[in-house]
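The values are calculated or read from the model by the stated rules, or taken from the named source; none is laboratory data. Quick caveat, the model's predicted, so the values are computed rather than measured. Backbone-built Cβ (ideal geometry, glycine too); neighbour counts: all protein chains shown. Ligands, DNA and RNA are excluded from the accessible area calculation, which covers all protein heavy atoms including side chains. Shrake-Rupley method; radii C 1.70, N 1.55, O 1.52, S 1.80 Å.
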Amino acid sequence: MSTRRSEAATGPVRDEVDELVSSWHQERPDLDVSPLQVLSRVSRLSRHLDRARRAAFAEHGLEPWEFDVLTALRRSGEPYELSPGALLRATLVTSGTMTNRIDRLAAARLVRRRPDPEDRRGVLVSLTDLGRERVDAAFADLLRRERELLAGLPEHDQRTLADLLRTLLAPFDAGHNGG
């Protein structure tokens, strides 16, 4: 499917953001509404992505927060365990919230706690076999759904978009990591 060919024959594809921007140009010609061209589309895409994510997680019996914790453990590599502090840093939640999440995941047999052999006061949170199976299946499903969201863009354009978004996000990530 050649998007460029269809654009040449019929003109560029228009969307709701084009209509929104056009309306603002008429109502407020004194304002530069060009940021809406990018950020309103990002916002709308975010809603579609959120729906796809929630559907992928729900299909595998997971809430988004459960997926976040389980993927942090899964990404850590064998033996798939982290301290609660490392989980805090990976998921950006408070200590009390993390304790509650670990309790709930342990009750569901998706993780287990064990004493940290390096620190007598500490514990390690480990992914169980059931947790690994569940998060692996949900992650594969999520990637399938995300590929569907990107299907309208050729791979080269996907790489270009990824590079542009990285450039846009990097200052925010740097500010977060330093704070």
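For the range 1-147, calculate the relative contact order in percent as a whole number, restricting contacts to Cα pairs under 8 Å that are 6 or more residues apart.
21 percent
Surface composition of the range 1-132: carbon plus sulfur atoms hold 51% of the accessible area, using a 1.4 angstrom probe and ignoring ligands, DNA and RNA. Could you tell me which label, among (i) -0.29, -0.53, -0.62; (ii) -0.24, -0.45, -0.54; (iii) -0.40, -0.68, -0.78, carries the value of log10 I(q)/I(0) by the Debye sum over Cα atoms at q = 0.08, 0.11, 0.12 Å⁻¹ calculated for this structure? Evaluating log10 I(q)/I(0) by the Debye sum over Cα atoms at q = 0.08, 0.11, 0.12 Å⁻¹ on these atoms matches (iii).
A 1.4 Å probe run over the chain, with the rest of the protein chains in place, finds 70 Å² accessible per residue. Short-range pairs are left out: with C-alpha atoms under 8 Å and at least six residues apart, the relative contact order of the range 74-144 is 31 percent.
Name the longest site-free stretch of the chain, where the excluded sites are trypsin sites (Lys or Arg not before Pro) in a DSSP loop with no more than 12 other beta-carbon atoms within 10 Å.
15-108
Spatial offset of the range 10-65 relative to the range 113-179 amounts to 22 Å, using the alpha carbon center of each.
Looking at the range 74-179, which GluC sites (Glu not before Pro) are DSSP coil and have at most 16 other C-beta atoms within 10 Å of their C-beta? Don't skip to the answer; put the middle values down first.
Working: sites: GLU81, GLU118, GLU133, GLU146, GLU148, GLU155; in loops: GLU118.
The qualifying sites are GLU118.
In the range 1-136, taking the dipole from charged Cβ atoms about the Cα centre, the farthest positive-side position among SER126, THR99, ALA58 is held by SER126.
Pairs of Cα atoms under 8 Å, at least six residues apart: use those to get the relative contact order of the range 110-153, whole percent.
Value for the range 110-153: 30 percent.
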